[in-house]
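Colleague: The following block contains the structure, expressed as structure tokens.
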Amino acid sequence: MGWKQDLRVSNRQAWANEKKPTLKNLDSNMKKNTTFIKKCKTSLAADYRQQLLNDIQKLSLEKYISEIVAGVLEGMLKCKTTKDIQACVEVVSALHQRFPTTFTLLLTSGLAKALQPSNRQQLAAMTPEQQEKEETSRISRQRTYLRLSTELWLVSVLRNVEDGVTALASTEGVPGQDDGMTGLADALTSNKKKKSVSPVTSENSGPKGFVYRVLRELLGADGKQHINLPLVTSFVKNFGQEVLGIIPRKQRAADNTDNDMPVTSGTESDDFSLVTPEQRQAIKEELIMPYYESVVEHLKKEHTFIQKMNNRNHDILFSKGQLSDDVKQRFEKNTKTYEKLLAQTETLTDGLDLEMPDLPEEEGVTKVFVTSTANSMAEGKEFQLNNSVWEDDDARKFYEDLPDLGILVPGIFTETTKKKDQAIPENEATEAAPDASQIEPAEDRIEDKPSESDLDIADNGEMDTSTIVDEALEQMGNDDSADVKPAELTKLDLLLNRLTTLGNRDMIDSAAVEFCYVNSKNARKRLVKALFGVPRQRVDLLPYYGRLIAILNQYFPDIGEAILSALTHEFRGLQRKKTVELTETRVKNIRFIAELTKFKVAPLHTIFSCLKVALDDFTNQNIDIVCNLLETCGRYLLRTPETNMRMQNMLEIMMRKKNVQHLDNRQVLMVENAYYMANPPERTAVVEKQRPPMELYIRNLIYLELTKKSMDKSLKSLRKLSWDDPAIQHLMNKIFQKVWKVKYSNVHLLAILASGLNKYHPTFGVQLIDTVVEEIRVGLEQNIFKHNQRRIATVKYLGELYNYRMVDSPLIFDTLYTIVTLGHDFGRPARDRFCPMDAPNDFFRIRLCCTLLDTCGMCFDRGRAKKKLDHFLVFFQMYIFSKAKPPMDVDFMISDTFETLRPHMQMMTSYDEANSEVDVILLDQLKSVQGNDDKVQEDGFEDSDGASDSSSDAEDDDEIQDLLDAEDENVEENEISSVAPDEEDEVVVLKSQEQRRKEEDDEFEKEFSKMISDSIDSRKHEKKAAMLDVPIPMNLRGAQDRRSREQDRVSQTGGMMFTLLTKKGNRQQTKLMEVPSDSQLAVTTRSKQQAEREEHQQLKRLVLNYEEREQKAAHQLALEEKRNLKQMKGKRILHISGAGGYQHNNGPKNPTTSKSDDWQRAFE
């Protein structure tokens, strides 16, 4: 303020003629004087200040006063920065000190004319576009003139408007009031009544001054439309402290001043104070505050109008589905006007140090706001997950708990920037914040174009990334510090290279501290370039980059400003490009802005402006932008009270556009996911089930800690439980039955535990097996898709239980056949019969069979089990062909299973072939059963004792055979299970085959003798029937040949031969006896044999007739197929027969042909 005080003293002396300049030898050369005038027109900037001051002292300028005034007025418009304005004030003060009675009066008249309101009559004759253009140009000129006039008034060059009026009345050659001084007519008429005012009139004649009169004329004619609001905003922003005595809160916080601190220096006397209290009170209370109140009322009216228009547009859109172009353009124009008025009102409110007024809301909007924010977390309350801005407490700490560099780093590394900013005088503080007079005209020129978007860029060229960063970095200025040391450059390079590897909060905080030690403006510029140049695929780094920027922004705000400026420029440039290749860049850009918003580095209006631009053109790439924005910070904006209402409206607009527009499935899914991520539906918290300590202990042993190494320990711990307690038994059964809660790779370990416990608690094993089988059957009956993993685990569990000898092979085969036949008619799947429980396109039962066979199928490789598995594999192939074509993964699973179990097995190629083979298998089994019956039921005995003995021996032989079969299976199972793959350290010693057979024979003899004796003893007291028909024991069937020969010999005598079985001690003896043919035993036996032969012949005829009918039906279908093929050429038709379901292609096939040699070998 020192330079203003000096100029003020000199200018006051010039008005009072106390210090008249005594210049001699002045140059009156016309060329030099004309050159001086041109310099004034060209520029009054700081570069020409000293040269102009020298010319004023050397040249004789009395004859060119009017030309100099015109040149100065033209040169003033080119002064934009604070330094240029200071230079202009010094030059004008020098001219005033030389020519106070001529130059100053004409300059006062010219400035008063330039600051007049617009002529309404002239505007009325223009078109709306011309009026808008004229007003924009006038505002731009008058902003500069008003600032310079205020500066000249503060240094006492300008005093009152009456000085200029006097000059108009007395000076020749100067334009009069008819040329535009209509606004000062009252002042002129009032001065005519008085005496001629002297050029050196004291300041007391006009106590309110030049600025008051000019502002009164500008604001008095602008009470409704508030066109001059940018002028008032600029005036309050630049001279709020000097003229109005108001210090904004932001400036007070930056300067660490109190609210009661006086604006002017306390060392200044009243004689030299720049503004008197009367002038300050008059300008503030009579002009600025009333105008501000009218602006607030205007803003409220505009806000209500915009709301009504928005609601009306919503109703039209809901009823008709779209808005007309005129309505859209009108709404966009009014919205932009309202937003511009709102922004200027916020600036004026901040400059006057007032609170922003509350804007009225409609009831519907208010209710939405209250409902959504009623449960929001208030300050000082505990953190609550459901109503919080953040997803969880970790997210809150990540975005809110930022380290303070002032504590972690010595003060010299963080206070450098602040001290430099405080050391800059107020009149030179252009590096820290650009002057308002320089920025605001450009903003007004952009905002005053209603047809352009808010985010359009002034230039027409496409802007690449480097250009964006360079323009953003230009605002940071040049580095005035000393050259950076090479060691610091090396550290900075290492830090920037490590940015892409900083993947957690601690590393980012350490990087921020490390950067402070190499801090400089050049380092900050390089950091900005590195942060902005994050790879577009690495969106995972954006939260950490945002945290780094937020930490550094506390002490180096130019980093955040540069990054945000670069991102907004990039967003605007991407909006002009509609190519699909830039999708990843768009996603990275909007996510970066959203992360900075969550860290409160980016203002809220920035993210909302981006969202509005994307919603206005809600198509293609803008849908991706909106969805990524909502996924990143939608919850934050919706749960924040300040932005809740606006975010609710934005989400409503998005969902309405989604319903109206025709989007593809991907875009619809993206929009819905983004909406529910920002506004998730309310749901009750999951209540954790309370379990007793014993259950928690057992679940921990089985579900969490069960491994190969801990299996023995877990088994011992489980055996130590109190198994006599029914609660413990129920708990163990429940835990072991829910095998799907164990890791799939640990199912066999659970089977090992079950097998180990079954040895000591057989009841537990029985209940477990029953439950597993029942679970498999229930899954087949219900067939619920969400239980598929559970069913797979249960089937594998059953197979593992077989591997560890808890179940036998019959149960496995029964389960396999149950899987493929349950629900099918006649227990046989067919193509022509639909099964509701097992649809043709449902292949999950195939997965179950393959899983069970992969688990324990390799054990069935010998004896009866091998033959049973071969039969099932044929039946399984028929089941597969009864389905539709399986998908690729199921087909591969089937191939792997057959390759593992039967690598050399010939695979079927069609359903007909598999069906035929199944018929052959069933027919063979039927014939074998009938053959055994013929041999067994050939003869009978009359003697009851002998019949009883033979019946007992026959049953004993069947039991022995079953035991032998079971023994063979047990041997096979023992051999397979002894080499279990899960037992790594177990060593198995196998006995030789001969020794094993010898032991088996001895054991068999012992068991056989015991069984015979027990059987005889048990049947001694049975009631003997009068007539018994018992089969001959297997070991006595060799005597039938001898009986046949004797029968031929005695047939002539009419007798009938029988074999009589007797027993002496432990030995059985047989002998032949002849019975008369007319005896009851012989008659009964012959009639029974005759009936059996007739029944057998009848069965043969039925089978043969069935085959003949099948052949005829197949032949008839083939003929029909040929006729259809002739009618429908180029098509293939499948005919499904009644029971077999055969497929005919270009001719019939005989499904009942005899077995081939290959199938005979396969089933033998």
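The values are calculated or read from the model by the stated rules, or taken from the named source; none is laboratory data. Note that this is a predicted model, so its numbers are computed, not measured. Neighbour counts are summed over all protein chains in view; Cβ atoms, including those assigned to glycine, are modelled from backbone coordinates with ideal geometry. In case anyone asks, the SASA skips ligands and DNA or RNA and just uses the protein heavy atoms, side chains included. Shrake-Rupley method; radii C 1.70, N 1.55, O 1.52, S 1.80 Å.
Colleague: Within the stretch 818-844, count every residue that is part of a helix (DSSP H, G or I) and either exposed (fewer than 14 other Cβ atoms within 10 Å of the Cβ) or touching a strand residue (DSSP E or B) at 6+ places or on another chain (Cβ under 6 Å) (or both). Working first, answer last.
Modeller: Residues of the stretch 818-844 part of a helix (DSSP H, G or I): 818-821, 825-827, 844.
Now drop any that are not either exposed (fewer than 14 other Cβ atoms within 10 Å of the Cβ) or touching a strand residue (DSSP E or B) at 6+ places or on another chain (Cβ under 6 Å) (or both), which leaves 825-827.
Selection size over the stretch 818-844: 3.
Colleague: To continue, here is another question. If you go through the stretch 562-594, how many residues are surrounded by fewer than 16 Cβ atoms within 10 Å (Cβ to Cβ), of a type outside the set (A, V, I, L, M, F, W, C) and farther than 13 Å from ARG536 by Cβ?
Modeller: Counting residues in the stretch 562-594 that are surrounded by fewer than 16 Cβ atoms within 10 Å (Cβ to Cβ), of a type outside the set (A, V, I, L, M, F, W, C) and farther than 13 Å from ARG536 by Cβ gives 4.
Colleague: Could you tell me which numbered condition MET463 fails, if it satisfies all but one of (1) at pLDDT below 85; (2) within 26 Å of LEU582 (Cβ to Cβ); (3) open to solvent by 50 Å² or more (accessible area, probe 1.4 Å)?
Modeller: (3)
Colleague: Let me ask something additional. Would you mind telling me which numbered condition in (1) open to solvent by less than 10 Å² (accessible area, probe 1.4 Å); (2) at positive phi; (3) not polar (S, T, N, Q) LYS600 fails?
Modeller: (1)
Colleague: Looking at (1) surrounded by 13 or more Cβ atoms within 10 Å (Cβ to Cβ); (2) within 43 Å of the chain's Cα centre (by Cα), which is the only condition ALA914 fails?
Modeller: With respect to (1) surrounded by 13 or more Cβ atoms within 10 Å (Cβ to Cβ); (2) within 43 Å of the chain's Cα centre (by Cα), ALA914 is out only on (2).
Colleague: Right, next: How many of the residues in the stretch 649-677 are under 27 Å from MET309 (Cα atoms) and either open to solvent by 70 Å² or more (accessible area, probe 1.4 Å) or more than 20 Å from the chain's Cα centre (by Cα) (or both)?
Modeller: 9
Colleague: Here is a follow-up. Have a look at ASP6, ASP84 and point out the one that is exposed (fewer than 15 other Cβ atoms within 10 Å of the Cβ), under 23 Å from ARG147 (Cα atoms) and of a type outside the set (A, V, I, L, M, F, W, C). Quick ask: steps written out before the conclusion?
Modeller: On the way: ASP84 fails: exposed (fewer than 15 other Cβ atoms within 10 Å of the Cβ).
Matching residue, one of ASP6, ASP84: ASP6.
Colleague: Against the conditions (1) part of a helix (DSSP H, G or I); (2) closer than 26 Å to GLN279 by Cβ, where does CYS79 fall short? Just the number, please.
Modeller: The number of the failed condition is (1).
Colleague: Could you tell me whether the stretch 656-679 includes any residue that is under 30 Å from ASN620 (Cα atoms), outside any loop (DSSP other than H, G, I, E, B), in contact (Cβ under 8 Å) with a residue 60 or more places away in the chain and out of contact with any Gly (no Cβ under 8 Å at 6 or more places or on another chain)? Steps first, answer last, please.
Modeller: Residues of the stretch 656-679 under 30 Å from ASN620 (Cα atoms): 656-679.
Next, only the ones that are outside any loop (DSSP other than H, G, I, E, B) stay: 656-660, 665-678.
The next check asks that each one be in contact (Cβ under 8 Å) with a residue 60 or more places away in the chain; those that pass are 656, 660.
Okay, now just the ones that are also out of contact with any Gly (no Cβ under 8 Å at 6 or more places or on another chain), so 656.
Yes - at least one qualifying residue is present in the stretch 656-679.
Colleague: Tally up the residues in the stretch 779-796 that are under 10 Å from VAL739 (Cα atoms) and among the charged types (D, E, K, R), please.
Modeller: 3
Yes or no, residue by residue, for (1) open to solvent by less than 60 Å² (accessible area, probe 1.4 Å); (2) modelled with pLDDT under 80; (3) more than 19 Å from THR233 (Cα to Cα); (4) not assigned by the TED database to the domain that holds ILE85:
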site	(1), (2), (3), (4)
ARG98	yes, no, yes, no
PHE103	yes, no, yes, no
ALA114	yes, no, no, no
THR136	yes, no, no, no
TYR145	yes, no, no, no
VAL157	yes, no, yes, no
PRO175	no, yes, yes, yes
ASP178	no, yes, yes, yes
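Colleague: Another question, if that's okay. In the stretch 531-542, which residues are open to solvent by 30 Å² or more (accessible area, probe 1.4 Å) and part of a helix (DSSP H, G or I)?
Modeller: Of everything in the stretch 531-542, those that are open to solvent by 30 Å² or more (accessible area, probe 1.4 Å) and part of a helix (DSSP H, G or I) turn out to be VAL539, ASP540.
Results for (1) in contact with a Ser or Thr (Cβ under 9 Å, 6 or more places away or on another chain); (2) more than 25 Å from ILE590 (Cβ to Cβ); (3) hydroxyl-bearing (Ser, Thr, Tyr); (4) not in a loop (DSSP other than H, G, I, E, B), shown as yes or no for each residue.
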residue: LEU489; (1), (2), (3), (4): no, yes, no, yes
residue: LEU494; (1), (2), (3), (4): no, yes, no, yes
residue: GLY503; (1), (2), (3), (4): no, no, no, no
residue: ASP506; (1), (2), (3), (4): no, yes, no, yes
residue: SER510; (1), (2), (3), (4): no, yes, yes, yes
residue: ASN519; (1), (2), (3), (4): yes, yes, no, no
residue: ALA523; (1), (2), (3), (4): no, yes, no, yes
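Colleague: Could I ask something else about it? Considering the stretch 66-79 alone, what residues qualify as being within 14 Å of LEU146 (Cβ to Cβ) and open to solvent by 50 Å² or more (accessible area, probe 1.4 Å)? I'd like the intermediate steps shown before the answer.
Modeller: Going through the stretch 66-79, the residues within 14 Å of LEU146 (Cβ to Cβ) turn out to be 73, 76-77, 79.
LEU77 - this is the single residue of the stretch 66-79 that is within 14 Å of LEU146 (Cβ to Cβ) and open to solvent by 50 Å² or more (accessible area, probe 1.4 Å).
Colleague: Out of all the residues in the stretch 804-815, is one or more among the acidic types (Asp, Glu), within 25 Å of HIS748 (Cα to Cα), open to solvent by 60 Å² or more (accessible area, probe 1.4 Å) and in contact (Cβ under 8 Å) with a residue 12 or more places away in the chain?
Modeller: Applying the first criterion (among the acidic types (Asp, Glu)) to the stretch 804-815 yields 808, 814.
Subset that is within 25 Å of HIS748 (Cα to Cα): 808, 814.
With the extra rule that they be open to solvent by 60 Å² or more (accessible area, probe 1.4 Å), the set shrinks to 808, 814.
Keeping just the survivors that are in contact (Cβ under 8 Å) with a residue 12 or more places away in the chain gives 808.
For the stretch 804-815, residues among the acidic types (Asp, Glu), within 25 Å of HIS748 (Cα to Cα), open to solvent by 60 Å² or more (accessible area, probe 1.4 Å) and in contact (Cβ under 8 Å) with a residue 12 or more places away in the chain: present.
Colleague: Here is a follow-up. Do you know which residues across the stretch 116-134 are open to solvent by less than 40 Å² (accessible area, probe 1.4 Å) and in a helix (DSSP H, G or I)?
Modeller: If the condition is that a residue be open to solvent by less than 40 Å² (accessible area, probe 1.4 Å) and in a helix (DSSP H, G or I), then LEU123 is the only one that fits.
Colleague: Output the residues belonging to the stretch 716-740 that are part of a helix (DSSP H, G or I) and exposed (fewer than 12 other Cβ atoms within 10 Å of the Cβ).
Modeller: LYS716, PRO726, ALA727, HIS730 - these are the residues of the stretch 716-740 that are part of a helix (DSSP H, G or I) and exposed (fewer than 12 other Cβ atoms within 10 Å of the Cβ).
Colleague: Which one of these does VAL686 not meet: (1) within 30 Å of LYS741 (Cβ to Cβ); (2) among the β-branched types (Val, Ile, Thr); (3) in contact with a helix residue (DSSP H, G or I) (Cβ under 6 Å, 6 or more places away or on another chain)?
Modeller: Of everything listed in (1) within 30 Å of LYS741 (Cβ to Cβ); (2) among the β-branched types (Val, Ile, Thr); (3) in contact with a helix residue (DSSP H, G or I) (Cβ under 6 Å, 6 or more places away or on another chain), VAL686 misses just condition (3).
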